[in-house]
Amino acid sequence: MPIEALLFVLLVVLALAIAHMRDLFAAAMLFSIFSLLSAGMFTLMDAVDVAFTEAAVGAGISTVLILGTLALTSNEERNGPFRLTPLLVCLGLGATLIYGTRDLPVYGDPGAVVHHHVAPEYIEGSHNIHIPNVVTTVLASYRGYDTFGETTVVFTAGLGVLLLLGGAARRRDPEEEAAPQATSEVTS
Amino acid sequence: MKQHMRMQDKIILRLGAKFLVPFILLFAFYVQFHGDFGPGGGFQAGVIAAAAFVLYGLIFGLDTAQKVVPKSWLEKGMAIGVLVYGGTGVATMLLGGNFLEYDVLHHHNGQHYGIIAVEAGVGIAVTCTMTLLYYLFAERGRR
Amino acid sequence: MIQSNMPALIIVTPMLVAPILVFVRHRIVARVLAIATAWWCFYLAVSMAGVAQDTPIAYDMGGWEAPLGIAYTVDAFSSLLLLIVSGIASVVLPFGPGSALLAIPEGKNNLFYASFLMCMAGLMGIAITGDLFNVFVFLEISSLASYTLIAMGKSRRALMAAFSYLVMGTIGGTFTLLGIGMVYQLTGTLNMADIAQRLPDVIDSPATRVALALIVVGGSIKLAVFPLHQWLPNAYTYAPSAVSAFLAATGTKVSYYVIVRGIFTLFGVSFVFGTLHLERLLVPLALLAMFVGSTAAIFQTDLKRLLAYSSIAQIGYMVLGLAMANQAGLTGGIVHLANHAVIKGGLFLVVACITYRMHTSKIDELGGLAQRMPLTAAAWLVGGLGMIGVPTTAGFISKWYLVMGAIDRGWYGIAFAILLSSLLAVVYVWRVVEVFYFREASDKSNLEAPADMLVPTWFLIAMTIVFGLYTPWSAGLASKAAALLLAAS
Amino acid sequence: MTPEMAIKLSLALPLFGAAGVIATGKWPNVREAVTMIAAFLTFGTVCTLYPVVAAGGRPELYIGEVLPGLAIAFKVEPLGMLFALVASGLWILTSIYAVGYMRGHHEKNQTRFFTCFALAISAALGIAFSANLFALFIFYEILTFSTFPLVTHHGDAKAIRSGRIYLGVLVGTSVAGLLFAIIWTYAIAGTLDFTPGGILAGKASGNGVALLLALFAFGTGKAALMPFHKWLPNAMVAPTPVSALLHAVAVVKAGVFTIMKVVVYIFGIEYLTDQGASQWLMWVATYTLVVSSVIALTKDNLKARLAYSTISQLAYIVLAAAIATPAAVVGGSMHIAMHAMGKITLFFCAGSIMVGAHKTNVSQLDGIGHRMPFTMGAFTLGSLSIIGLPPMGGAWSKWHMVLGAADADQMFFAGVYMLSSLLSIAYLMPIVGRAFFIAEKLPEADDHDHGEAPLLCVIPSVLTGLGTIVLFFIAEPLYQLLLPIVGVAQ
Amino acid sequence: MFAVCMVGLLITMVLAMVRAIAGPTVFDRILAANAFGTQTVLMIAVSGFLAGRPEWLDLALVYALMNFIGVIAVLKFVRFGNLASDQPGRPT
Amino acid sequence: MSLDQWHHIGSIALLCTGLYIVISRDNLVKKMMGLNIFQVAVIFFYVTMGKVTGGTAPIIPADAHGHEVLYSNPIPHVLMLTAIVVGVATTALGLSLIVRIQEAYGTAEEDEIVRLDLEEIG
């Protein structure tokens, strides 16, 4: 069993630790480690571009954003009651997925159908137009439209955050909070 | 710990940041244009460039950073990025191809030009959006 | 150029106008630009529907042929969706400036319109694309935009509603992504037509079943199929009224499209209903949705919430139509998608008019509304009749097909249940009608909504009648779509 | 005028009337003139169709398809002709009466009243002329919704409650029963056109036919078959012209008309009797007939008593449809007209009593015949017609129905018809008796003094009362008109 | 060769992780995170070197960079309670 | 279930943990972290399917002629690049919503917010 399998164990332990941790700052730290580790694993799995992105996004931007949020909210998660239903839902989901994946190709199987249908043509095509990075070719040309969508997603999120946080901070005072204003919309 | 020092007064940080930021930006450009040959591309480059601004903002304070790169620029840059990408597609349509059909841009190197153009679009959009996100979150925290 | 690139233009135009809007600071210019874009898209949708209802239009993005590149296919089903989304957007955007934009931070109207256009582009993109992963990308574009739009609601609860929707939507989207991944792993391709060709070879494997389950569950979360509907009432209640109108009319419909495509185009009827008997799961859920949703609607005290719960019930009808998997039933499901979009959109606009003038949507505070806002109250009445499914309204057409489908299938009890549950609609619609018409208003001064709100509202309400009498564009397209979907599998 | 044009006009004129009423709502005199003109013109137009139909013509009008195979189309055949004549003819009289009543009673919202009334008439004519079940159902529902504001005219709590029951029962039965039956029929037969001889022959059998018939019979809530009859007594809160509309002109007649039409043109009477699928319906109708008559006996409120009488009379027609022999069907169809004329007289009179004497209960009517001789005279004529005594129109229809029952060897049901006549004597005659033969207990105070009702109320009552006699003498043309529907050539 | 390096790295990773999870102070965690980042950089460098694909070194560079910026952000957060000002926010 | 499928088991374990965090925790920031883990799990699912034993990253070396070298499948990588971007966009939007929720309610715990809403209704 390759090293990636062992790293997976670490990853799951980290995820469980994040679930368990009540100190949100510590959870954020663990989350950053989680991202770095998964990025490392992507490299081992030959997905260098994915690793690149995950490192930049997960360990960089996401961590900064989570910290930025924590700066505004509480650092400490309150102790909630233990809930059984979510656990059962997740276990059920896990069982279903394990059932569903048991016949899928094993890790690194060169005979898997995904490697033989469209992928070779991409590699061939990329070679022919002299762009060595096949991922770039597929990303920007063959599936360039997806990437346009992706850029738009970023733009849309930017718009959303701008709309939500762009205005002045509105701290509602308690009186105003108490007043029900469920669906009223003010004229003029 | 009682005496709070401003971050930018820490000489190592200040010098380190001043020294690093240009290199990070350079690295971002490298990633942007080397994306055809090695790992990387517009998105990664954008995030790295944004990281440079974030670092600058962290060390020298948000206000200083906003003087260098104002928020309104970022807002527009975000849009420009998408427009560059989409504009490439519109250009190919105007030249008689389908949307994003780069081959019509140039009889031989169409794919190259097209990819460079759209990657540039991605890079601009991501740089601006990511920096903007940092600005907005950090600004809220200041109150 | 326009003629040959219509499928791309209909999506790309709003996606490019949205960034342009960032530069447009002037409120009116921004608004006009957004409206013009929506109308342009509607024009494109109409011209494509004219062709596509008989021969599907194919378009290769980037000039790459189908399995390699991303292909667009416009057939009867997708053109119906395009018509709905762009049509509703064309009506909702010109809807009075007052109510939609109040909660927007000063000087950010243009960003609001940009988000709106993005939402519209995303929804249309889902309907038009022939590539499975592209579906996911556009799903996320529309979702992100709609989270923002919902959060723009006036009350602070809008924020929490948007957040819950974000969490549920992301879980649903990720399930879909996982399902797409499994399909991809089984077939090695992402093009829907290609998958449809290759999937039968591996059809009866655990992975196929789970992939189907993931796609259906993922879609169902966003469609708010009965037990997964919890996010919907809050989202629709606290969003700005015009946004509720748009999302209620289009958002869930597109998820329905995804599920139908998944089941009929990718996996095929014989597998889904012949081997797996998915109808044994879907029919009870749909029936529960119909009765629980309608019953819950009866007990709501807020108009918007009432409409939201009624949406859950109506989604039940659509799912039921799908589960019948025969010509009439599927037509019923699809045509109800169109008809419900028009009816619900219209009714939400009515509520928007009411809240604009009365500052409340609590039913108890709207006594005697017919005296103060006669046209608005009448619009509720007509739209409500459509919801009930009175003949000559659009709702009747849907019910006709659904009952036909159930009878064709031999499900007499279910046919009866469909009709019975529409009687619950009588109760919740009439309850409000009685408040509007039979209670005395405390103040009788005329408060009729301004013309720029009434015209779009009445336009949609009038369409309820039009689609009840003239059906080539609703039932006609839907039955072609159903025939196509059933033939494909 | 071509027959197509006549169909178009007869549907459109009431609509124009409604529009005109809305437009002239501010000037009551003009408004009512508009109503009257519309009513006369409509009746005139409908009458132009009569010779065509009587001569065996079947004018058609095609509007358009709503769904493939489901058209809004019209085709005038004898049964529809009869119903249209009744509805449009009585509209004139009801309008005259309504003017008198509404003014005499100082009702509010009179514009809304006249508008909805005109809409209801248009819907009733639509039902009468429908060429298929689909079109019929559309107009059936329009009729329900356009009469709702009439039933809840007063807008008070009681009216709202009655409105709920009215709408609940009528919409509920029509959606859950009638619509279901229609779609089912369409699924079996592939068409909904009214075809002489029926469309179901050979396509469904035995229990299927019985079930379908049950859905049609109970789904047609307007026919007030028990247990779906509650709306009718409840709708009595409405002003009396509305009751007249409901009971005589449009609503209940639309119900029995639908059942008759379904039996004749969807099932086909021969097929129905072959299958023996309607036996149960005879029992239900009998039950309704007897029970409602008995309830009518116990009611002191005049309008309530008349309401239960209506239920019982409707059951006659349903029973006739269920027996489904040619004579019974023709008799039942004739009874639509005969009962309409008789019952409208009774309601007019009841309304006149309310307007003139402010009395609503039977027990208050002692000696009223001396104060309101014309009204009570008309009442007597109407009662006799309902009971079925010659020389009133009701006699003929009953005669044919009894004959039909005998034809089918259903002597029991022939007996039911006889018995029920006795029952109707029991609940109607005491009123007449009280009015003319029991002396009025003079009240202590003299403020009880009253005379005849307003002229505009009395004239229509007398006219309809005389109408019942006229019908006795013109029954033969009616009979001839209706014969083709049962497959007998003229 | 590869296996040996990896096992060594894995052990140090586990150690760093234990520190990150166990804490107890904030600075333990920051340090652990930083160390972990370094180990990932190492892992990439080693695997890239051994697989004969040196271009992965770009990646390692990004990791190092992100790690650096992340630590600065974290420290700033710990010290000032926010990411914007140079004035102390809430005490930690 | 066999250990041959360890890569799937690993992804599924992560997926379930992520989902568990999302639906069992009240703290909204924690929910977002869970959502991220949930998404990373799917990314793993894709990336592992692209791996070819003995293959190398799909970047054609300058000296190679394309055919001799065995590459891992680039398509899942491309798809996951997009998915990561979508993920970060969602995270950013979710976190900004949390910031606004905190400002409006003074808390970022879901049960607390539900309680406040219920009190408001009365």
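The mean count of C-beta atoms from other chains within 10 Å of the C-beta of residues in D:136-148, rounded to a whole number, is 2.
What average number of partner chain Cβ atoms lie no more than 10 Å from the Cβ of the residues making up D:151-162? Walk me through the intermediate numbers first.
On the way: counts 0, 3, 0, 1, 4, 1, 1, 0, 1, 4, 0, 0.
Per residue, the average neighbour count from other chains is 1.
Mean projected area of the convex hull spanned by the Cα atoms of chain D, taken over all viewing directions: 21.0 nm². Database remark: amide H of D:PHE74 closer than 5 angstrom to the amide H of D:LEU61, D:TYR62, D:ILE63, D:ALA131 (H placed geometrically; neighbours at sequence offset of 5 or more, or on other chains; Pro and chain starts carry no H). Within a straight-line Cα-Cα reach of under 17 Å, C:LYS344 can be paired with the following aspartates and glutamates, leaving aside sequence neighbours fewer than 8 residues apart in one chain: C:ASP302.
Bridgeable lysines around C:LYS444 (alpha carbons under 19 Å apart, same-chain partners fewer than 8 residues away excluded): C:LYS362, D:LYS108. Summed over qualifying helices (DSSP H, 4 residues or more, each -39500 (n - 2.57)) and divided by its residue number, the protein assembly as shown shows a 222 nm mean residue ellipticity of -24000 deg cm²/dmol. Expressed as a fraction of 2.2 N^0.38 Å, the C-alpha radius of gyration for chain A is 1.41. Using only Cα coordinates, the Kirkwood hydrodynamic radius of region D:278-490 works out to 17.6 Å. Each label point was placed 7 Å from the Cα along the Cα-to-Cβ direction; for C:ILE298 and C:GLU365 their separation is 2.7 nm. Pairs of lysines in chain B whose Cα atoms sit within less than 17 Å of one another amount to 4, provided the residues are eight or more positions apart or on different chains.
Compactness of region A:118-164 is given as radius of gyration and Dmax, 14.8, 47 Å, from Cα positions. Pairwise inverse Cα distances across chain C, averaged and inverted, put the Kirkwood hydrodynamic radius at 22.2 Å.
Considering only alpha-carbon pairs that sit under 8 angstrom and 6 or more positions apart, the relative contact order computed for chain E is 19 percent. If R0 is 45 Å, the Cβ-Cβ spacing of B:ARG14 and E:PHE49 corresponds to a FRET efficiency of close to 0.80.
In chain B, the longest principal axis of the Cα atoms and the axis of helix B:110-142 are about 30 degrees apart.
Annotation: the residues E:MET1, C:MET387, sorted from fewest to most other C-beta atoms within 10 Å of their own C-beta, follow the order E:MET1, C:MET387.
Just to confirm a number: summing +1 for Lys and Arg and -1 for Asp and Glu over residues other than D:VAL175 whose beta-carbon lies under 12 angstrom from that of D:VAL175, what do you get? Each step should come with its number before you reach the end.
Details: positive: C:LYS399; negative: D:GLU141.
So the surrounding residues net to 0.
Against chain D, whose longest principal axis comes from its Cα atoms, helix D:373-387 is set at around 30 degrees.
May I ask which of D:LYS158/D:LYS343; C:LYS480/D:LYS8; D:LYS261/D:LYS299 have a Cα-Cα span longer than 29 Å here? Could you put the intermediate results ahead of the total?
Working: D:LYS158/D:LYS343 25 Å; C:LYS480/D:LYS8 33 Å; D:LYS261/D:LYS299 32 Å.
Exceeds cut-off: C:LYS480/D:LYS8; D:LYS261/D:LYS299.
Counting Lys and Arg as +1 and Asp and Glu as -1 over every other residue whose Cβ lies under 12 Å from the Cβ of C:ILE259, the net charge comes to +3. Only helices reaching 18 angstrom along their own axis (Cα) with mean Kyte-Doolittle hydropathy no lower than -0.5 count here, and for the DSSP H runs of chain F these are F:6-24, F:28-50, F:74-105. For region C:430-489, applying the loop criterion from DSSP together with a ceiling of 11 other beta carbons within 10 Å to the trypsin sites (Lys or Arg not before Pro) yields C:LYS444.
Simple spin-label estimate for A:ARG83 and E:VAL18 gives 3.4 nm between the two label positions (7 Å along the Cα-to-Cβ direction from each Cα).
The lysines whose alpha-carbon is closer than 25 Å to the alpha-carbon of F:LYS30, local same-chain residues fewer than 8 away aside, are C:LYS222, E:LYS76.
Once the Kirkwood radius over Cα pairs is known for region D:2-135, the Stokes-Einstein relation at 20 °C and 1.002 mPa s delivers a diffusion coefficient of 140 µm²/s.
Pick out the long, greasy-scoring helices in chain A: whole DSSP H runs spanning 24 Å or more along their own axis by Cα, mean Kyte-Doolittle at least 1.0.
Working: long enough: A:3-20 (26 Å, 2.65); A:24-44 (30 Å, 2.01); A:84-101 (26 Å, 1.64); A:144-165 (31 Å, 1.20).
In chain A, the long hydrophobic H runs are A:3-20, A:24-44, A:84-101, A:144-165.
With a sphere of radius 12 Å drawn around the Cβ of F:ILE98, what net charge do the other residues whose Cβ falls strictly inside it have (Lys, Arg +1; Asp, Glu -1)? Intermediate values should be presented prior to the final figure.
Values: positive: B:ARG140, F:LYS30, F:LYS31, F:ARG100; negative: F:GLU103, F:GLU109, F:GLU110.
Once positives and negatives cancel, what remains is +1.
How much length, in nm to one decimal, is gained on full extension between D:GLU270 and D:THR360, taken as 0.36 nm per residue of separation minus their Cα-Cα distance? Walk me through the numbers on the way to the answer.
Values: separation 90, 0.36 × 90 = 32.40 nm, distance 4.61 nm.
Answer, rounded to one decimal: 27.8 nm.
Under Stokes-Einstein, with the Kirkwood radius over Cα pairs as Rh, the value for the protein assembly as shown at 37 °C and 0.692 mPa s is 93 µm²/s.
Counting neighbouring beta carbons within 10 Å and listing from fewest to most, the residues D:SER363, C:SER155, C:SER270 come out as D:SER363, C:SER270, C:SER155. Hydrodynamic radius of chain B by the Kirkwood approach over all distinct alpha-carbon pairs: 16.7 Å.
Remind me, relative contact order of chain D in percent, using alpha carbon pairs under 8 angstrom and six or more residues apart? Mind showing how you got there, number by number?
Values: 913 pairs, mean separation 72.0, N = 490.
Computed over chain D, the figure is 15 percent.
How far is helix B:11-34 tilted off the main Cα axis of chain B, in degrees rounded to 10, range 0 to 90? Compared with the principal axis, the helix lies near 10 degrees.
Cut-off is 10 Å between beta-carbons; in what order do A:TYR99, C:TYR184, B:TYR134, C:TYR147 appear when sorted fewest neighbours first?
Going from least to most buried by this count: A:TYR99, C:TYR184, B:TYR134, C:TYR147.
For chain C, hydrophobic long helices are taken as DSSP H runs at least 30 Å long by C-alpha position along their axis with mean Kyte-Doolittle hydropathy of 0.0 or more; these are C:27-52, C:157-187, C:303-324, C:327-358, C:412-438.
Distance between the pseudo-spin-label points of D:MET418 and D:PHE473 (7 Å out from Cα toward the beta carbon): 3.1 nm.
Read-outs: derived from the displayed coordinates by stated rules, not from any lab. Just so it is clear, the model here is predicted, and its values are computed rather than measured. Every residue, glycine as well, gets a Cβ built from its backbone with ideal geometry; the counts of neighbours run over all protein chains shown.
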